[in-house]
Amino acid sequence: MNRYLFQGCQRRLFASAAPQTSSRRSPKQLLAIGVASLALAATGGYYYMNLPLRDRLEEDRFVLLRVLEREPLSHDTIRLRLANTAQPQRPYPVLSCMHIKDDNIQVMRSYTPINPNPFQDGYMDLVIKRYANGSISRMLSSTEAGEELWVRGPAVEYNYQPNMFDSIGMIAGGTGITPMYQLIKKVLETDEDKTPRLWLIYCNKTEQDILLRKELDELQARFKDRLTIDYVLEQPPSDEWHKGYVSEAMIRGKLEGDQGKRMVFVCGPDAMLAHVSGQRARDFSQGRVSGILGRLGLPPSQVFKLE
């Protein structure tokens with residue numbers, strides 16, 4: 001299947017070339033063609049279309065990307081760095097994800113890069129948590145540097161634009177922190193985005209399970225007037241932590257501080273989504289808002305469930 005997709009893209013690319021003819025061209029015609037070609041080569045569009053096909057990221061087809069680095073982050077989580085062709089002029093959309101598939105069983109899963117712009121950087125960093133019943137996570141957890149993975153994307157989940165909201169709330173569990181981290185960095189490090197209030201409730205089992213904690217704490221310290229972060233642990237090391245599961249009282253307290261137009265993003269395991277906002281529908285649409293956010297009266301226009 002992958003070979004067919006790859007060859008099909010090649011056929012489409014080559015089919016865009018003009019057919020050869022037997023007519024001869026004059027020196028003036030050849031010169032004009034050469035000048036036009038140089039002008040076209042100077043454009044970003046020409047550069048992008050002539051990147052190596054095998055590692056040029058596209059949303060609608062899989063390409064093979066090589067693993068550059070593998071770094072353990074915790075007892076069951078790693079960071080994989082994948083190489084892709086740098087595209088300096090191409091912006092990377094926030095709140096978007098990459099799809100990775102296991103070519104043996106034709107199953108795929110979404111992962112959110114945590115580096116700001118995988119296009120400009122020429123690589124993407126993915127956080128992978130191993131789940132006992134997750135075929136993709138098990139495959140990726142055993143992947144070593146030098147191996148290759150089938151990847152496509154980015155797929156935009158939510159078309160965020162600067163200053164869309166006066167308050168952005170985020171409730172995350174486990175690796176569901178990755179799109180929230182992507183969004184927080186984008187909002188706070190974009191000069192024209194003046195969103196005044198961001199809050200994050202991040203749920204995990206133990207302190208060791210908190211992913212990107214150093215990065216999150218640094219952002220909170222830098223932007224303490226705009227960003228607040230609360231960690232919730234099922235098994236906290238001391239009474240200084242929020243213990244158990246995210247509660248209705250905790251979320252209500254956050255919402256009461258909101259003013260103006262708000263949005264609450266939710267991302268995490270199915271059980272957490274059911275508890276907080278209700279799961280997505282079977283057709284992968286947003287579904288109705290239930291759980292804590294439903295009881296608190298938030299309408300669908302103020303809640304978005306990320307993959």
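The values are calculated or read from the model by the stated rules, or taken from the named source; none is laboratory data. Bear in mind that the values here come from a model prediction, so they are computed numbers and not experimental data. Neighbour counts are summed over all protein chains in view; Cβ atoms, including those assigned to glycine, are modelled from backbone coordinates with ideal geometry.
Some notes on this structure:
- Residue selected from the stretch 52-100 under the condition more than 16 Å from GLU147 (Cα to Cα), in contact with a strand residue (DSSP E or B) (Cβ under 8 Å, 6 or more places away or on another chain) and assigned to a loop (DSSP other than H, G, I, E, B), by the criterion modelled with the highest pLDDT: LEU95
- Filtered residue count, the stretch 121-147, keeping only those that are crowded, with 16+ Cβ neighbours inside 10 Å and of a type in the set (Asp, Glu): 2
- Within the stretch 254-277, one or more residues are surrounded by 14 or more Cβ atoms within 10 Å (Cβ to Cβ) and among the aromatic types (Phe, Trp, Tyr).
- The C-beta contact set for the stretch 136-160 (first residue within 25 Å of MET180 (Cβ to Cβ), second residue part of a helix (DSSP H, G or I) and modelled with pLDDT of 95 or more, distance under 7 angstrom, 6+ apart or interchain) comprises TYR160/LEU183.
- Neighbours by Cβ (under 8 Å, 6+ apart or cross-chain): first from the stretch 185-209, assigned to a strand (DSSP E or B); second surrounded by 14 or more Cβ atoms within 10 Å (Cβ to Cβ) and of a type in the set (Asp, Glu): ARG197/ASP166; ARG197/ASP258; TRP199/ASP230; LEU200/ASP230; ILE201/ASP230; TYR202/ASP230
- Check on GLN279, polar (S, T, N, Q), over 25 Å from SER96 (Cβ atoms) and either in contact with a strand residue (DSSP E or B) (Cβ under 9 Å, 6 or more places away or on another chain) or in a helix (DSSP H, G or I) (or both): no
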